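The values are calculated or read from the model by the stated rules, or taken from the named source; none is laboratory data. Keep in mind that this is a model prediction, so the values were computed, not measured. All Cβ positions, even for glycine, are placed from backbone atoms using ideal geometry, and neighbour counts span all protein chains on display. For the accessible areas, the whole protein counts, side chains as well, though only heavy atoms, and no ligand, DNA or RNA atoms are used. Shrake-Rupley method; radii C 1.70, N 1.55, O 1.52, S 1.80 Å.
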2 protein chains.
Amino acid sequence: MSTEQLKLSNQICFPLYSASRLITQAYQPYLDKMGITYPQYLVLMVLWENDEISVNDVAKKLILKTNTISPLLQRMAKQELIERNRSSDDERCVKVKLTDKGKALEAKAKLIPEQMLDHLLSDSVELDDVIQMRHQLNQWIEILKDKQK
Amino acid sequence: MSTEQLKLSNQICFPLYSASRLITQAYQPYLDKMGITYPQYLVLMVLWENDEISVNDVAKKLILKTNTISPLLQRMAKQELIERNRSSDDERCVKVKLTDKGKALEAKAKLIPEQMLDHLLSDSVELDDVIQMRHQLNQWIEILKDKQK
DNA sequence: TTCGATTATATCGTGTGCGATACAAATGTA
DNA sequence: TACATTTGTATCGCACACGATATAATCGAA
């Protein structure tokens, strides 16, 4: 195996790590206007698609563990963006749903992607490149999720 | 602009965020054997290429701010992986270099990329795909770094 | 039916990331 | 030379991530 290939996994992990942070930073001005963080924005997106959903299912959709999601949802409940309620079916289960305040953010949030796209595209990174990358990343994520167990 | 395109920035940001975390998790077993974290591994890689380097220059190479790097380096100094010394040229400047213990990790660390590559490649994600993605990500990072200011 | 295993959530400790701020050393300029 | 500005580092507060652990509710097999 060549030295070039030996270094490749480092050379792909670091760009992923950096690009992820930089793009999240590019979201920040828009998220600041809404008073939320990027992980909180992800939770809101899940809840706009799912009326009522368990802590566990939010975690699965975001590929996070409940020990991350649980405090995150507690902070969002404190901000009155969501409501947390024990399920009557299964007393272990906590169901989460949007408050009116949480729902109200949807309109503002829906404008973010369009504004972001201007930041993300350029001469060297075009729409087709991004679509291709998304495809590769999603396949990769599926593989890595399986190995995670 | 189509709905598909409007959603694209979210659909690329989340995969980047998830893939970054999942790949870092895949590194974890190897890093655990060395008793370091992924950001600490990045610092070591910088120091294997640079004998003596300032806190600020480490930060620039890792695209992080000094308020992240500074405590990180302090923890690494406490583990005796590195030494921190005020520069005599410029008293504001703190120079960092590897200890023998830090240098000793290099041999073990150099084996990680080869082992990782097995985890990362598959039928659906081949070497060429990864090389292509790295290229795109690096171009993207340059653009986003400029906009960061 | 009982009791060990599993599941859903929460808590704790540690290590990042990052905005805001502080402070001393160096630099530039009148 | 004075003195405002810039630069390099550190500190503080907060919000993740995540491994380890705890606890209660549910499930499942003898």
Convex hull per residue volume in Å³, alpha carbons only, for the stretch A:30-97: 82
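Probe radius 1.4 Å, ligands and nucleic acids ignored: give me the carbon and sulfur share of the accessible area of the protein assembly as shown as a rounded percent.
47
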Protein-protein interface of the stretch B:130-147, residues with accessible area decrease of at least 20 Å², isolated chain reference, 1.4 Å probe: B:VAL130, B:MET133, B:ARG134, B:GLN136, B:LEU137, B:GLN139, B:TRP140, B:ILE141, B:ILE143, B:LEU144, B:LYS147
Where rotation carries A onto B, the chain A residue whose Cβ is nearest that axis, in whole Å: A:SER20, 2
The stretch B:46-72 and the stretch A:113-144: distance between their alpha carbon centers, rounded to Å: 29
Qualifying chymotrypsin sites (Phe, Trp or Tyr not before Pro) for the stretch A:1-104 [loop in DSSP, other Cβ within 10 Å: at most 13]: none
Global geometry of chain B, whether rounded, prolate or oblate, following the gyration tensor of its Cα atoms and the 1.5 cut on a/c: oblate
Given chain A, longest segment not containing exposed loop GluC sites (Glu not before Pro) (DSSP; at most 13 other Cβ within 10 Å): A:1-51
Threshold 30 Å² - residues in the stretch B:95-126 whose accessible area is reduced by that much or more when the chain is no longer isolated, probe 1.4 Å: B:PRO113, B:GLU114, B:LEU117, B:HIS119, B:LEU120, B:SER124, B:VAL125
Contour minus Cα-Cα distance for B:SER124 and B:ILE63 (0.36 nm per residue): 18.9 nm
Mean Cα-pair separation over length for chain B, i.e. relative contact order, pairs under 8 Å, 6 or more apart, %: 19
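Roughly how much accessible area, to the nearest 100 Å², goes out of reach of solvent when B and A pair up, both sides summed, probe 1.4 Å? Display every interim value, and only then the final one.
Details: alone 10930 and 10900 Å², together 15780 Å².
Buried: approximately 6100 Å² between A and B.
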Exam field: A:ALA77 pseudo-label spacings to other copies (7 Å along Cα-Cβ), nanometres: 4.2
Per residue solvent-accessible surface (Å²) - chain A, probe of 1.4 Å: 53
Over the stretch A:67-149 - Rg/Rh using Cα atoms and the Kirkwood inverse-distance radius: 1.12
Assigned charges on the beta-carbon of Lys, Arg, Asp, Glu; the protein assembly as shown dipole about Cα centre (debye): 1280
Solvent-accessible area lost in complex, 40 Å² minimum, residues of the stretch A:37-57 relative to chain alone, 1.4 Å: A:TYR38
Above-threshold pairs, the threshold being 24 Å between Cα atoms, out of A:LYS33/B:LYS145; A:LYS65/B:LYS78; A:LYS78/A:LYS145; A:LYS65/A:LYS147: A:LYS65/B:LYS78; A:LYS78/A:LYS145
5 angstrom amide H check on A:LYS95, placed H, neighbours 5+ away: A:ASN85, A:ARG86, A:SER87
